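The values are calculated or read from the model by the stated rules, or taken from the named source; none is laboratory data. Note that this is a predicted model, so its numbers are computed, not measured. Heads up, the Cβs are rebuilt from the backbone with ideal geometry, glycines too, and the neighbour counts pull from every protein chain shown.
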Amino acid sequence: MPVELVVDPSTAPRRVPLGDVAVGDRCSERWSVDAAASEAFAACSNDTAPVHRDDAHARTLGYARRIVHGMQTSLRFSRLLGMFLPGSGAVIMNVSFDYLLPVYVGDALDYAVAVTHVSASGVVRLDCTVRRGTELCVKGRASCLLPAS
(Lines give C-alpha, C1' and ligand atoms only; values in the text may rest on other atoms or scores of the structure.)
Protein backbone atom coordinates (compact mmCIF):
# COMPACT_ATOMS: atom_id res chain seq x y z
CA MET A 1 0.00 0.00 0.00
CA PRO A 2 1.52 3.38 -1.00
CA VAL A 3 2.60 5.84 1.68
CA GLU A 4 0.70 9.16 1.80
CA LEU A 5 2.63 11.68 3.93
CA VAL A 6 1.44 15.22 4.66
CA VAL A 7 4.12 17.40 6.25
CA ASP A 8 4.21 20.80 7.92
CA PRO A 9 7.00 22.96 9.36
CA SER A 10 7.15 20.86 12.55
CA THR A 11 7.43 17.47 10.81
CA ALA A 12 10.72 15.75 11.60
CA PRO A 13 12.82 14.48 8.69
CA ARG A 14 12.49 10.78 7.95
CA ARG A 15 15.00 8.28 6.68
CA VAL A 16 13.48 5.52 4.56
CA PRO A 17 15.41 2.45 3.40
CA LEU A 18 15.46 1.95 -0.37
CA GLY A 19 13.46 -1.26 -0.04
CA ASP A 20 10.62 0.65 1.62
CA VAL A 21 10.20 3.26 -1.15
CA ALA A 22 7.54 2.24 -3.68
CA VAL A 23 5.90 3.58 -6.81
CA GLY A 24 2.84 5.54 -5.74
CA ASP A 25 4.31 6.86 -2.47
CA ARG A 26 3.38 10.53 -2.05
CA CYS A 27 4.35 13.46 0.10
CA SER A 28 2.67 16.86 0.22
CA GLU A 29 2.89 20.20 1.97
CA ARG A 30 1.05 23.54 1.88
CA TRP A 31 3.14 26.71 1.87
CA SER A 32 2.30 30.36 1.41
CA VAL A 33 4.83 32.74 -0.09
CA ASP A 34 5.06 35.87 2.04
CA ALA A 35 6.72 39.18 1.22
CA ALA A 36 9.63 38.55 3.60
CA ALA A 37 10.45 35.21 1.94
CA SER A 38 10.25 36.82 -1.49
CA GLU A 39 12.61 39.62 -0.47
CA ALA A 40 15.01 37.14 1.16
CA PHE A 41 15.11 35.08 -2.04
CA ALA A 42 15.80 38.20 -4.12
CA ALA A 43 18.66 39.12 -1.78
CA CYS A 44 20.11 35.59 -1.75
CA SER A 45 19.87 35.09 -5.52
CA ASN A 46 20.72 38.70 -6.36
CA ASP A 47 17.83 38.54 -8.85
CA THR A 48 16.26 41.96 -8.48
CA ALA A 49 14.41 41.96 -11.80
CA PRO A 50 11.55 44.51 -11.66
CA VAL A 51 8.89 41.88 -12.47
CA HIS A 52 9.61 40.40 -9.01
CA ARG A 53 9.76 43.69 -7.09
CA ASP A 54 7.54 46.29 -8.76
CA ASP A 55 3.76 45.85 -9.16
CA ALA A 56 3.47 48.58 -11.82
CA HIS A 57 6.23 47.04 -13.92
CA ALA A 58 4.71 43.57 -13.59
CA ARG A 59 1.36 44.93 -14.81
CA THR A 60 3.06 46.30 -17.96
CA LEU A 61 4.07 42.68 -18.69
CA GLY A 62 0.51 41.39 -18.24
CA TYR A 63 0.66 40.18 -14.63
CA ALA A 64 -1.80 41.22 -11.93
CA ARG A 65 1.10 42.31 -9.69
CA ARG A 66 4.74 41.35 -9.06
CA ILE A 67 5.39 37.65 -9.43
CA VAL A 68 7.36 35.30 -7.21
CA HIS A 69 10.65 34.05 -8.68
CA GLY A 70 10.08 30.74 -10.45
CA MET A 71 13.09 29.19 -8.75
CA GLN A 72 11.71 30.24 -5.36
CA THR A 73 8.42 28.60 -6.23
CA SER A 74 10.18 25.28 -6.89
CA LEU A 75 12.66 25.61 -4.00
CA ARG A 76 10.35 23.79 -1.55
CA PHE A 77 11.05 20.58 -3.44
CA SER A 78 14.55 20.56 -1.96
CA ARG A 79 12.89 20.18 1.46
CA LEU A 80 10.35 17.56 0.40
CA LEU A 81 12.82 15.39 -1.52
CA GLY A 82 15.72 15.70 0.88
CA MET A 83 13.80 15.35 4.13
CA PHE A 84 10.67 13.26 3.48
CA LEU A 85 10.40 11.40 0.17
CA PRO A 86 12.67 9.69 -0.64
CA GLY A 87 13.96 11.17 2.63
CA SER A 88 17.04 12.23 4.54
CA GLY A 89 19.26 9.52 3.06
CA ALA A 90 18.65 10.75 -0.49
CA VAL A 91 20.66 13.14 -2.63
CA ILE A 92 19.00 15.03 -5.48
CA MET A 93 20.62 14.13 -8.82
CA ASN A 94 18.56 16.29 -11.17
CA VAL A 95 15.36 18.29 -11.42
CA SER A 96 13.39 19.79 -14.27
CA PHE A 97 10.46 22.19 -13.92
CA ASP A 98 7.91 23.80 -16.21
CA TYR A 99 6.44 27.04 -14.86
CA LEU A 100 2.87 27.13 -16.17
CA LEU A 101 1.21 29.96 -14.24
CA PRO A 102 2.53 32.95 -12.32
CA VAL A 103 2.65 32.75 -8.54
CA TYR A 104 2.03 35.86 -6.45
CA VAL A 105 3.05 36.84 -2.92
CA GLY A 106 0.35 35.57 -0.56
CA ASP A 107 -0.65 32.58 -2.69
CA ALA A 108 -1.31 29.36 -0.77
CA LEU A 109 0.46 26.62 -2.70
CA ASP A 110 0.07 22.85 -2.47
CA TYR A 111 3.28 20.95 -3.18
CA ALA A 112 3.30 17.24 -3.99
CA VAL A 113 5.89 14.65 -4.93
CA ALA A 114 5.00 11.16 -6.10
CA VAL A 115 7.33 8.24 -6.73
CA THR A 116 7.11 7.03 -10.33
CA HIS A 117 10.09 4.64 -10.47
CA VAL A 118 12.50 2.93 -8.08
CA SER A 119 15.57 1.16 -9.47
CA ALA A 120 17.62 -1.51 -7.76
CA SER A 121 20.63 0.81 -8.09
CA GLY A 122 18.92 3.33 -5.80
CA VAL A 123 17.65 5.90 -8.28
CA VAL A 124 14.19 7.15 -7.31
CA ARG A 125 12.23 9.17 -9.87
CA LEU A 126 9.43 11.45 -8.79
CA ASP A 127 6.81 13.72 -10.30
CA CYS A 128 6.60 17.15 -8.66
CA THR A 129 3.65 19.55 -8.76
CA VAL A 130 2.68 22.92 -7.33
CA ARG A 131 -1.00 23.83 -7.31
CA ARG A 132 -2.87 26.95 -6.29
CA GLY A 133 -6.27 25.46 -5.57
CA THR A 134 -7.11 23.48 -8.71
CA GLU A 135 -4.66 25.40 -10.92
CA LEU A 136 -1.40 23.66 -11.84
CA CYS A 137 1.33 26.30 -11.52
CA VAL A 138 4.48 24.15 -11.74
CA LYS A 139 5.07 20.61 -12.90
CA GLY A 140 8.34 18.77 -12.94
CA ARG A 141 10.39 15.68 -12.39
CA ALA A 142 13.23 14.80 -10.07
CA SER A 143 15.68 11.96 -9.68
CA CYS A 144 17.29 11.19 -6.36
CA LEU A 145 19.93 8.70 -5.33
CA LEU A 146 18.96 6.67 -2.29
CA PRO A 147 21.74 4.23 -1.35
CA ALA A 148 20.67 0.75 -0.30
CA SER A 149 22.31 1.06 3.13
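Quick test for you: out of 136, 85, 146, 126, pick the one residue that is hydrophobic (A, V, I, L, M, F, W, C), over 14 Å from the mean Cα position of the chain (by Cα) and more than 14 Å from residue 72 (Cα to Cα). Before you say what the answer is, go through the steps one by one.
Values: 136 fails: over 14 Å from the mean Cα position of the chain (by Cα); 85 fails: over 14 Å from the mean Cα position of the chain (by Cα); 126 fails: over 14 Å from the mean Cα position of the chain (by Cα).
When all the criteria are applied, what remains is 146.
When residue 128 is evaluated against the numbered criteria (1) out of contact with any Pro (no Cβ under 8 Å at 6 or more places or on another chain); (2) exposed (fewer than 15 other Cβ atoms within 10 Å of the Cβ), which criterion, by number, is the only one it fails?
It fails just one condition, (2).
How about the range 13-55: which of its residues are on the phi > 0 side of the Ramachandran plot and in contact with a Pro (Cβ under 6 Å, 6 or more places away or on another chain)?
From the range 13-55, those on the phi > 0 side of the Ramachandran plot are 24, 46; that's our starting set.
Once the filter is applied, which keeps residues that are on the phi > 0 side of the Ramachandran plot and in contact with a Pro (Cβ under 6 Å, 6 or more places away or on another chain), the range 13-55 yields only 24.
Search the range 1-12 for residues that are closer than 16 Å to residue 86 by Cβ and pair each with any residue that is hydrophobic (A, V, I, L, M, F, W, C) and in a strand (DSSP E or B) when their beta-carbon atoms are under 7 Å apart and the residues are at least 6 apart or on different chains.
Qualifying pairs under 7 Å: 5/27; 7/27.
From 98, 47, 110, grab the single residue that is among the charged types (D, E, K, R), out of contact with any Ser or Thr (no Cβ under 9 Å at 6 or more places or on another chain) and at pLDDT 95 or above.
98
Residue by residue through the range 20-44, note down the ones that are closer than 19 Å to residue 113 by Cβ, touching a residue at least 24 places away in the same chain (Cβ under 8 Å) and not β-branched (Val, Ile, Thr).
Step one: of the range 20-44, the residues closer than 19 Å to residue 113 by Cβ are 20-33.
Applying the additional criterion that residues be touching a residue at least 24 places away in the same chain (Cβ under 8 Å) yields 21-33.
Those that are closer than 19 Å to residue 113 by Cβ, touching a residue at least 24 places away in the same chain (Cβ under 8 Å) and not β-branched (Val, Ile, Thr): 22, 24, 25, 26, 27, 28, 29, 30, 31, 32.
How about the range 21-36: which of its residues are acidic (Asp, Glu) and modelled with pLDDT under 95?
Passing the criteria: only 34.
When residue 134 is evaluated against the numbered criteria (1) exposed (fewer than 15 other Cβ atoms within 10 Å of the Cβ); (2) touching a residue at least 60 places away in the same chain (Cβ under 8 Å), which criterion, by number, is the only one it fails?
So residue 134 meets the others, but not (2).
Looking at this structure, is residue 78 out of contact with any His (no Cβ under 8 Å at 6 or more places or on another chain), free of Cβ contacts under 8 Å to residues at least 60 places away in the same chain, hydroxyl-bearing (Ser, Thr, Tyr) and more than 20 Å from residue 31 (Cα to Cα)?
no
Could you please find all residues in the range 2-34 being crowded, with 17+ Cβ neighbours inside 10 Å and part of a helix (DSSP H, G or I)?
Result: 18, single match.
Condition (residue is within 23 Å of residue 132 (Cβ to Cβ), out of contact with any strand residue (DSSP E or B) (no Cβ under 9 Å at 6 or more places or on another chain), in contact (Cβ under 8 Å) with a residue 12 or more places away in the chain and surrounded by 14 or more Cβ atoms within 10 Å (Cβ to Cβ)) applied to the range 55-74: is it met by at least one residue?
For the range 55-74, residues within 23 Å of residue 132 (Cβ to Cβ), out of contact with any strand residue (DSSP E or B) (no Cβ under 9 Å at 6 or more places or on another chain), in contact (Cβ under 8 Å) with a residue 12 or more places away in the chain and surrounded by 14 or more Cβ atoms within 10 Å (Cβ to Cβ): present.
Mind telling me which of the residues 30, 26, 65 ends up being farther than 27 Å from residue 5 by Cβ and charged (D, E, K, R)? First the steps, then the outcome.
On the way: 30 fails: farther than 27 Å from residue 5 by Cβ; 26 fails: farther than 27 Å from residue 5 by Cβ.
Selected residue: 65, the only one of 30, 26, 65 that is farther than 27 Å from residue 5 by Cβ and charged (D, E, K, R).
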